[in-house]
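Structure below; questions to follow.
The values are calculated or read from the model by the stated rules, or taken from the named source; none is laboratory data. The model shown is predicted, which means the values in this text are computed figures rather than measured ones. Virtual Cβ from ideal backbone geometry, glycine too; neighbours counted across all protein chains shown. Please note that ligands, DNA and RNA were not included when accessible areas were found on the heavy atoms of the full protein model with its side chains. Shrake-Rupley method; radii C 1.70, N 1.55, O 1.52, S 1.80 Å.
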Amino acid sequence: MAKRVLNNGPKVQKEKTIVAEMIHIYCRKKHHQEELCADCLDLKNYAHKRLSSCRFGEEKSACSNCRIHCYKPEYREKIKSIMRFSGPRMLFHHPFYSIKHLLNKG
Ligand SMILES: [Zn+2]
């Protein structure tokens with residue numbers, strides 16, 4: 001049985017950082033937690049797992065543009081509202097991140 005290699009490249013690492021930061025902003029503002037609440041932690045772990053096993057690896061485009069919907073519907077809805085909420089705030093706090101890439105609508 002072939003063991004699947006997990007993505008560990010710089011692009012995937014950076015997207016993990018961005019998605020974690022977005023979930024943090026959302027949880028702080030919406031759930032009033034300093035640390036991630038259980039739901040948000042679960043979502044973060046899920047998002048990181050999806051990125052690790054994204055079949056495009058370092059060649060990946062923005063998740064929102066991807067033809068392969070690898071998120072389960074419940075998680076997809078959550079992450080969509082988090083990106084809508086935190087995306088513009090990320091631009092303000094972290095102008096050096098290429099958030100445009102993530103928010104790109106196909
Ligand atoms: Zn939360």
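Please calculate the 1.4 Å probe accessible area of His32, with all protein chains present, and give it to the nearest 10 Å².
The accessible area of His32 comes to roughly 140 Å².
Roll a 1.4 Å probe over the protein heavy atoms and report the accessible area of Ile68 in Å², nearest 10.
Roll a 1.4 Å probe over it and Ile68 shows about 70 Å².
By how many nm would the segment from His31 to Arg55 lengthen if fully extended, with 0.36 nm per residue of separation less the alpha-carbon distance?
Going from the current span to full extension adds 5.4 nm.
Still on this structure: Tell me which trypsin sites (Lys or Arg not before Pro) from segment 29-72 have a DSSP coil assignment and no more than 16 other beta carbons within 10 Å of their own.
Arg55, Arg67
Restrict the search to segment 35-67; then list the GluC sites (Glu not before Pro) that DSSP places in a loop and that have at most 10 other Cβ atoms within 10 Å of their Cβ.
Here the GluC sites (Glu not before Pro) that fit, given the DSSP loop and packing criteria, are Glu35.
Summarise the accessible area of segment 12-66 (1.4 Å probe, protein heavy atoms) by the percent that is carbon and sulfur.
45 percent
Please check which bits of segment 16-38 a label hung off Phe85 would reach, taking the label as a point 7 Å along Cα-to-C-beta and the cut-off as backbone N under 16 Å.
19-38
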